Each structure stands twice: as C-alpha cells, then as structure tokens.
Ligand code: G4P
C-alpha cells in the first residue's frame, strides 16, 4: 500500500541538541550518527580528530576560538525512523541562532556535564525550550569521570530549571568506579564491564529490584547503593507521565558517557519511544497547518553563506511543515509573492551533502539561494497564501560603527554586509540622516565573526568603532518627530527602514518617556 504523507511524517523525529559549551554535545551527536551508520568514525563532526569534514571558512574561526558558531543539520536513519538532529552553537553570544533553530524542532536534548551541573548557558537555552513547550530530554554526561552526586544533580536541575525530572536510569558509581547504569525504564542493569559479569551487557532485574544470580557486580557496595537510591526514587520521586513529557513539564533524565559511548544507545531507544513526531504549525492569521496536509509549506529558520568556500554558495535552511517536497516543484515565497522553483536542494549528512529526493514535515532541506530568501520567510504550494508566525529576534545590546577600510572596495563591503545581515549573523542599522552603518549584536563574538568573515569571504577589511552598550527601542513611523533625537539618544533606522532610538542608558530612556508620555517604545525579544 502506498504510504500517505501522514504515514511518512510519523517516521520523523526532529530535535535540537543544546548544552553549555564543552558539556559533550558534539561527542554525543557523533555517537548518534554512528548508530545510524551516517558516519563511520567518531570525530568526524567537528573534524578536529580526523580532519575529514569539509572545512569551510567559518569553521576556521570555530577552530581558532574552540567554539561552535553555527548550527548544523544532520540526518540519520535509525530503527525505521528518520531522525533529524539540529546542532546549536553553545556560546551565549550566538543564542539568537539557537533560538531560531529551536523554532524548527519538535523536541530538544539537553546535555549536562556531571561535574558541572546546570551551567548558565544551559539555563538560558532551556528557558527558550520551555517557552515553546516542547519535550526536553536530559542526558547527564561524563560519568566516566568523577562528578557530582546524581541526587544532587537532579535536585539542582529541578530547582534551577523549575522542571520536574524523572530519572530513566541511575548511575552505579562514577569515574574509575563507574560500574554501569541501573536502567529503571527497561528493568535491567547495563554494565560497563560485561567481561567481569559473565560477558553480559545487560542483566535483568527481578521483582525485588535486584539482579538475579551471583555476579561480580552484586558483591559491590556501589551496586547496593544504587539499588537503594532507585528504591527511594520510586517511593519519593516524581511519577512517570508521558503526557507531562509531551508538554515539556517533566524531563526524562539519562546518565551516561558520550565519550565511551556508554548509555547513549539506551538513551536513543527511549528517546524515540517518547519524542513526538512533527507537530502542526500556526500561521500569523491563526490557522493551524497540519503536517499531513497535501500542499508543501515551510519556513526559513537559518541562512548560511559560504558553507563551502570552493563554491561560494548560500543555503537557506527550511523546516518543512506540511506536504511533500519533490525536486523541481514550484512554491511561492510569501513575503515577495514570487514563484520559486525548488530545483537545487540539499540534505545534510554528517560528512557529505546529498540532493534531496523526497522530504516531508519535520525534515530540513537546504535551498541554494541567490538572495531571494530571508530568515522567517514562508514558502508554500497552492493558491492560499500562508505566513507562519514570525521568528523571534533579540534586541541587540552592543553596537559598533562600521566603515570599509578601503574605499575602492565599497562593493564587496556592501555585498558582504547585506548577506551576513540576511543570514541573521548580526543586525544592521543606519543613522537616520547620514546613513552611517551601525551593527547591533547580542554578544561581542558576533562582531568578531562578522569582521573575520567579511575579510575572509568578501575580501573586505573594515574599521570597527565600538559604541558600547545601548538600549534599542522602536517607535511607530507616524509618531516620529526627528526633533525627538537628542545627545542622549541616536535616531537610526533598521534594515526595514523602521525608526529606532539607541538610548545611552536607562536614565536617557526614562527621560524620553517622561517627555513624550504618549509615545510607545517597543523592544524586540
Ligand atoms: P560541546 O560540543 O558540548 O562543546 O562538547 P564536546 O563534545 O566537544 O566535548 C567537550 C570535551 O569533553 C571534549 O574534550 C570531549 O572529548 C569531552 N567529552 C565529551 N563527552 C565526554 C565523556 O562522556 N567523558 C569524558 N571524560 N569526556 C567527554 P576536549 O579534550 O576538549 O576535546 P577533544 O580534542 O578531545 O575533542
């Protein structure tokens, strides 16, 4: 029987993986890709170890700084499912990019370092997931090292993130004494040293919660302690609730070690049991677009220029929300009402790209773009215009004046700025009358990446003059009187020519509000 679109959608799981830098996001992603056979060797994702991954300009800066700047998309087949993994930059200066990526997924996996617990960036990213109400799965990593007590970590997770936690498994020891996990969900014990226990990877647990039989591990006090902890959790801990997981109110917690691959398989198997298939999406007019709808629709959540420096390409990442993609099909870009043929598309594997043959809701496709698409654009098939809800933008806090060093190279300067701004790498403002260029960012590193990329990808060196932090507030065009501009605020326009004031500080803004009580000032997110 022919599969319907809705049947195909059910085989999709699309998640983002979030963490504070260095918690092990990349390592766990590699393990997941290994299971699906998408890569053959760990170390291919960052290309640090094997050097096989096609390096591009922007990866150069990631390497130098040891940070992940961009989010990438990977796809892996596992157990009859197609899993789409969206990596996100860990560094807080790129949280806007992460935020947009989280809009394109149906669930999130949060990786926590067992030695460090909840770190600032985890907290921030987690908040975004909570706002979207998507299920969050927690993986507490690095159990092969000595870390904090598991109970302590769970308490912190619940208190700091204000979410209920349900341990799906419980570690038996840590560091050198890490014996394995007591797998509450699967009723078994998973061993780090099967060779010492009759060669079994798993030992079943009986009704009393103990391992049947005489094995090396049953003599260990670590095992007894874990068993007692689990008993206590069962009595005093949260109830397991699939509904609460689906609403993002309860996070299932898994322990393991991504580096040694321990516990990752167990995590993945449980994840696919509970992670949702692609959900419906809301349009600006309040319509709900079901993933099984015949006509294709989707939105651009990310644009990446120059992923491959040899080709100087620009790719718009589209999350498909309904319908089925077929090569060569026509769609309309809602913002411009222009028709577009989806001829050149790409899907992302860990170490290669392939042409997309078919894709449905939940899948991410890359469209080679020559400048027709922007972040937040909706594309749709059929006669009914469609615009999905706007993607959130952060209010920038740091500003820089920018001018080209070489006036002879103005053209590449303008081209570079325009493309990087459309990518959402940075925000662009112009002073209202003199049209000087001002860049706005959430974090300092965005400026550095901007400067680096402009030089390396567009051959344009720039002069950057810091303006420090400012408070950006928008004002309705019809309310604007240019005389409102003073020495304490700078009147600018954003890239859509909307007027915006950059206030020196809170005091300057309050002074303005007192003087013009009828004027409504607005911020972005
Ligand atoms: P990130 O993407 O979240 O930033 O983290 P990444 O996976 O790059 O991991 C950060 C560091 O932590 C890496 O070491 C990695 O090998 C290590 N790591 C990840 N998972 C585990 C684990 O389960 N146990 C232990 N002991 N270490 C783990 P590095 O030395 O900084 O980098 P590398 O040069 O080894 O890649």
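The values are calculated or read from the model by the stated rules, or taken from the named source; none is laboratory data. Owing to the predicted nature of the structure, the values given are computational and were not obtained by experimental measurement. When we count neighbours, we look across all protein chains shown, and the Cβ atoms used for this are built from the backbone with ideal geometry, even at glycine.
Would you say residue 179 is within 16 Å of the ligand (Cβ to nearest atom), without any contact (Cβ under 8 Å) to a residue 60 or more places away in the chain, more than 16 Å from residue 111 (Cα to Cα) and buried (at least 21 other Cβ atoms within 10 Å of the Cβ)? When the stated conditions are applied, residue 179 passes them. Picking from residues in the range 457-472 that are under 27 Å from the mean Cα position of the chain (by Cα) and assigned to a strand (DSSP E or B), the one that is surrounded by the fewest Cβ atoms within 10 Å (Cβ to Cβ) is 469.
The one condition from (1) under 28 Å from the mean Cα position of the chain (by Cα); (2) at pLDDT 90 or above that residue 175 does not meet is (1). Among the criteria (1) surrounded by 15 or more Cβ atoms within 10 Å (Cβ to Cβ); (2) modelled with pLDDT of 90 or more; (3) outside the structural domain of residue 473 (by the TED database), the one residue 432 does not fulfil is (3). For residue 50, are the conditions met, namely being closer than 22 Å to residue 101 by Cα, within 16 Å of the ligand (Cβ to nearest atom) and at pLDDT below 50? Against the criterion (closer than 22 Å to residue 101 by Cα, within 16 Å of the ligand (Cβ to nearest atom) and at pLDDT below 50), residue 50 does not qualify.
Looking at 11, 44, 70, just one residue is modelled with pLDDT of 85 or more and either more than 12 Å from the ligand (Cβ to nearest atom) or farther than 27 Å from residue 444 by Cβ (or both), and that residue is 11. Looking across 211, 184, one residue alone is assigned by the TED database to the domain that holds residue 270 and more than 20 Å from residue 264 (Cα to Cα). It is 211. Of the residues contained in the range 428-435, one or more are found to be within 28 Å of residue 87 (Cα to Cα) and either in a loop (DSSP other than H, G, I, E, B) or touching a residue at least 60 places away in the same chain (Cβ under 8 Å) (or both).
Annotation note: of 502, 454, 524, the sole residue that is in contact (Cβ under 8 Å) with a residue 40 or more places away in the chain and part of a helix (DSSP H, G or I) is 454.
For the range 97-116, the set of residues classified as away from the ligand (no atom under 13 Å from the Cβ), touching a strand residue (DSSP E or B) at 6+ places or on another chain (Cβ under 9 Å) and not in a loop (DSSP other than H, G, I, E, B) consists of 97, 100, 101, 102, 107, 108, listed by residue number.
Condition first: over 18 Å from residue 229 (Cα atoms) and modelled with pLDDT under 95. Can you find one or more residues in the range 146-160 that meet it? For the range 146-160, residues over 18 Å from residue 229 (Cα atoms) and modelled with pLDDT under 95: present.
Reported count of residues in the range 158-178, each being farther than 12 Å from residue 255 by Cα and in contact with a helix residue (DSSP H, G or I) (Cβ under 9 Å, 6 or more places away or on another chain), is 7. The range 216-332 holds helices (runs of 4 or more DSSP H) entirely within its bounds, and those carrying 1 or more residues that are within 16 Å of the ligand (Cβ to nearest atom) map to 264-274. Can you find a residue in the range 399-412 that is assigned to a loop (DSSP other than H, G, I, E, B) and free of Cβ contacts under 8 Å to residues at least 60 places away in the same chain? Taking every residue of the range 399-412 in turn, at least one turns out to be assigned to a loop (DSSP other than H, G, I, E, B) and free of Cβ contacts under 8 Å to residues at least 60 places away in the same chain.
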